[in-house]
Amino acid sequence: MSPHAKNPPPDRQLGEDRPIPRRDFLQGALVGAASAWSGALLRAYGADALPERRAAQDLPGYYPPAITGMRGSHPGSFEAAHALRDGHAVGPETDTREIYDLVVVGAGISGLAAAHFFRARNGAAARVLILDNHDDFGGHAKRNEFELGGAVQLSNGGTLEIDSPRPYSAVASGLLRELGIDVVSLRRKIEHPQFYRTLGLQQGAFFDRETFGADQLVVGLGTAPMRHVLAQAPLSARARADIARIEEGAVDYLPGVPSADKKLQLSKISYRDFLRGLAKVDPQAIAYYQPLTHDWWAVGIDAISALDCWAFGLPGFRGMHLEGGSIARMGYTPSGYKDTGGSATLHFPDGNATIARLLVRSLIPEAVPGSSAEDVVTARVDYGRLDRADSAMRLRLSSSVIGAAHIGDPARAREVQVRYVREGQVYGVRARGCVLACWNMMIPYLVPELPEAQKAALHSLVKAPLVYSIVALRNWRAFSKLGVEQIYAPGSYHPLVKLNAKVDVGSYRSSSAPDEPILLRMVRVPCKPGLSEHEQNKAGRAELLATPFATFEHNIRDQLSRMLRGGGFDPATDIEAITVNRWPHGYAPEYNPLWDPEVPPQQRANVLGRAPFGRMTIANSDSGAAAYTDSAIDQADRAVNELLRPQG
Ligand SMILES: Cc1cc2nc3c(=O)[nH]c(=O)nc-3n(C[C@H](O)[C@H](O)[C@H](O)COP(=O)(O)OP(=O)(O)OC[C@H]3O[C@@H](n4cnc5c(N)ncnc54)[C@H](O)[C@@H]3O)c2cc1C
């Protein structure tokens, strides 16, 4: 990864001195008040003058999807959790005197699904409170909304596709159907997979001078022969030939070895070692492939097994004659997945935020107008209706849970006490049960009474960090002129850059011509090759939390100006707004044969960690060890079933 200045001075040519028309001043102030420790901003909006102090989410105009700037784990969402981790004392508790049948910790897809399943099994009168530390619901299912040229443009701030490398379970596909998502018919109706292709736009690669010696964009990846595409690339002749061989050749790098033995060998080496050691490619080609696995695993090719890369269809294995099917030392089942409830390609304009919004509609219909999976895309959520005292189902935002304890002996207790921090104040509620659908590694801090072995297992389930930056552009003429719709930039700050896909659904219209505004999606994974996967994640997480928005902005402007220079792109005038969705806790930890101990599946940390504990059960995709929607849903179902099981 190329070096980039940490705190660069504002660059006039890049437009850093120009205020981008963000609406985060108004909206951000309002929402920031919910999560910040000070009440000053609330006062600015007159909240203190209200007869009863209301939370920010109840104030008129509260609309977090429209906030730009630093999102994802936004300022104000994680400080209480870090204070708990660091052992800081909290202030006295205010007893809300609220008693629920269920408290759900975490309003991601798993927590929302848990509330849905619980109510389905207990009736509409069941009293449920869902608590989340963010200013919006959905967890990684985050909606980014921009008003551009008088129209709304949408993007996902986190999870995008309803995909999974495994077939969807009956539970997960059943829930999607219940929510009105029929992936097969929706795919036909809303996707335009050939849109850019019909306009002559293709995939490109950008070689940056810090990594490859010169800035150069090449176009035609996947359509033209690799030797033509790379002809202008600042690579040695050998590196070009090696990349062409990996992409298009059919070489058996383990001749004479039976398929089963090959697979075992490939499961023990990284994809980088496969390329370097077996395929013997040039170091420049290694640099070219280094971030190829970022978007799938949030780590580079040095930390993912060659076999898993084969299963995901990465290049280089065509001549290896590997027989289909998975082996124990694999994270994935190759080609076991079709449209089985989820879909390998279908996504809504705001990604799986639509699933979260449909779940909230099913839980609190008055908060989300409309009745279909298509009209929900343009529905404006009324956040003021999410947490009403007269509703059996309540969703409370900007509320970081800092403790959950049984009232009495966990084996016999009939209630749990849940404490959370909101606007700097500690509150307590009671419930007959609690589903912890939050990040599993945090649960030992919340529930110190858990058995030590279970706490150790939970502690190890740390998510991998990554960033989805969304850049609002005035137009996409530069892309059109260069004939490119997505760019793989292996040495750049954001190695993956892509024009927002064309998806038209309900009354929502995505950008349809180069003169129109559009959203650009950029992916960054802060990994540190040379360390173990776990240590890379740890270092990347620290980097993300220490990187200010200004650094992201500078690097985005710099990268776009260099990549798109030939198309006349001017970052000072072409960029309308930037949102950085920072996820220090991103993808759920998955089994990685390179780093994880070889134990039977039932002894893996996620299984040991998710054991029910008295009136508490554990959900989240972490407990399924799979960073996918179906896992979040399946684990919610299991956690609710465990809670409702008669206690022995
Ligand atoms: C950038 C990104 C892209 C992804 N892309 C895809 C994709 O395309 N397809 C796919 O299927 N999956 C994708 N995933 C995986 C995604 O994580 C899962 O599919 C799923 O959305 C996870 O849901 P969850 O409810 O298990 O976890 P989360 O979405 O993380 O929700 C858990 C919630 O609990 C909250 N929480 C944590 N601690 C506390 C606390 N103490 N108090 C209160 N609340 C707390 C969290 O802040 C969060 O809001 C992606 C993930 C990321 C980060």
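The values are calculated or read from the model by the stated rules, or taken from the named source; none is laboratory data. Source: prediction; values computed, not measured. We place every Cβ from the backbone using ideal geometry, glycine too, and count neighbours over all the protein chains shown. Accessible surface areas use protein heavy atoms only, side chains included; no ligands, DNA or RNA. Shrake-Rupley method; radii C 1.70, N 1.55, O 1.52, S 1.80 Å.
Ignoring GluC sites (Glu not before Pro) that are buried or in helix or strand per DSSP, and keeping those with at most 11 other beta carbon atoms within 10 Å, what is the longest stretch of the chain between them? Maximal segment without exposed cleavage sites: 324-597. Computed from Cα atoms, the angle from the helix 533-546 axis to the main principal axis of the chain rounds to 70 degrees. For the chain, averaging the sequence separation of C-alpha pairs within contact (under 8 Å, six or more residues apart) and dividing by the residue count gives a relative contact order of 23 percent. Cα extents for the chain along the principal axes, largest to smallest and rounded to whole angstrom: 72, 58, 48.
With a probe of 1.4 Å, find how much accessible area the chain has per residue, and write the answer as a whole number in Å².
That works out to 38 Å² for each residue.
Axis angle, to the nearest 10 degrees, between helix 629-644 and the longest C-alpha principal axis of the chain: 30 degrees. Just the number, please: carbon plus sulfur as a percent of the accessible area of region 388-458, 1.4 Å probe, no ligands or DNA/RNA counted. Roughly 50 percent, rounded to a whole number. The longest part of the chain holding none of the exposed loop trypsin sites (Lys or Arg not before Pro), meaning those outside H, G, I, E and B in DSSP with at most 16 other Cβ atoms within 10 Å, is 55-267. Close amide H pairs (under 5 Å, H built 1.01 Å from N) link ASP135 with SER398, residues at least 5 positions away or on another chain. Using θ = phi - 60° in the Karplus curve 6.51 cos²θ - 1.76 cosθ + 1.60, the 3J(HN,Hα) couplings for region 209-226 round to 5, 5, 8, 10, x, 7, 7, 7, 9, 10, 10, x, 4, x, 10, 9, x, 4 Hz; x is entered for Gly and Pro.
Taking 7 Å steps out from each Cα toward its Cβ at GLU93 and GLU543 produces label points 4.0 nm apart.
Which of the residue pairs LYS262/LYS538; LYS263/LYS455; LYS280/LYS463; LYS142/LYS528; LYS263/LYS528; LYS142/LYS262 have a Cα-Cα distance greater than 30 Å in the structure shown? Intermediate results must be reported in sequence, preceding the final value.
Details: LYS262/LYS538 32 Å; LYS263/LYS455 34 Å; LYS280/LYS463 33 Å; LYS142/LYS528 27 Å; LYS263/LYS528 27 Å; LYS142/LYS262 41 Å.
Listed pairs above 30 Å: LYS262/LYS538; LYS263/LYS455; LYS280/LYS463; LYS142/LYS262.
Under 1.5 on a/c is rounded, so check that first for region 214-292, then, if it is not, pick prolate when a/b is larger than b/c and oblate when it is not; a ≥ b ≥ c are the square roots of the alpha carbon gyration tensor eigenvalues. It is prolate, given that a/c is not under 1.5 and a/b is the larger ratio. Helical runs assigned H by DSSP (4 residues or longer) give the chain a calculated mean residue ellipticity at 222 nm of -7500 deg cm²/dmol, each run adding -39500 (n - 2.57) before division by the residue total. In a fully extended conformation the segment linking ARG318 and GLN425 would gain 32.6 nm over its present Cα-Cα distance, using 0.36 nm per residue. Phi-derived couplings, Karplus 6.51 cos²θ - 1.76 cosθ + 1.60 at θ = phi - 60°, listed residue by residue for region 426-434: 8, 10, x, 10, 10, 8, 7, x, 9 Hz, with x used for Gly and Pro.
Looking only at the chain, where both bridge partners belong to it, what percent of the DSSP beta bridges are antiparallel (to the nearest 5)? Counting only bridges with both partners in the chain, antiparallel ones make up about 65 percent. Under 5 Å between amide hydrogens, built in the peptide plane, is the criterion, and for ARG71 it picks out VAL580, ASN581, ARG582 among residues at least 5 positions away or on other chains.
Calculated FRET efficiency, ARG509 and ASP182, Cβ-Cβ r, R0 22 Å, to nearest 0.05?
Details: r = 22 Å, r/R0 = 0.98.
About 0.55, to the nearest 0.05.
Taking amide H as placed 1.01 Å from N in the peptide plane, LEU496 has its amide H under 5 Å from the amide H of ALA489, VAL523, each at least 5 places away in sequence or on another chain.
Principal-axis analysis of the Cα atoms of the chain puts helix 353-363 at an angle of about 20° to the longest axis. In order along region 88-103, phi translates into HN-Hα couplings of 6, 6, 10, x, x, 9, 9, 7, 6, 6, 8, 10, 10, 6, 8, 10 Hz, rounded to whole numbers, per the Karplus curve 6.51 cos²θ - 1.76 cosθ + 1.60 with θ = phi - 60° and x for Gly and Pro. Using a simple spin-label model with pseudo-atoms 7 Å out from Cα toward Cβ, LEU531 and ALA260 lie 3.9 nm apart.
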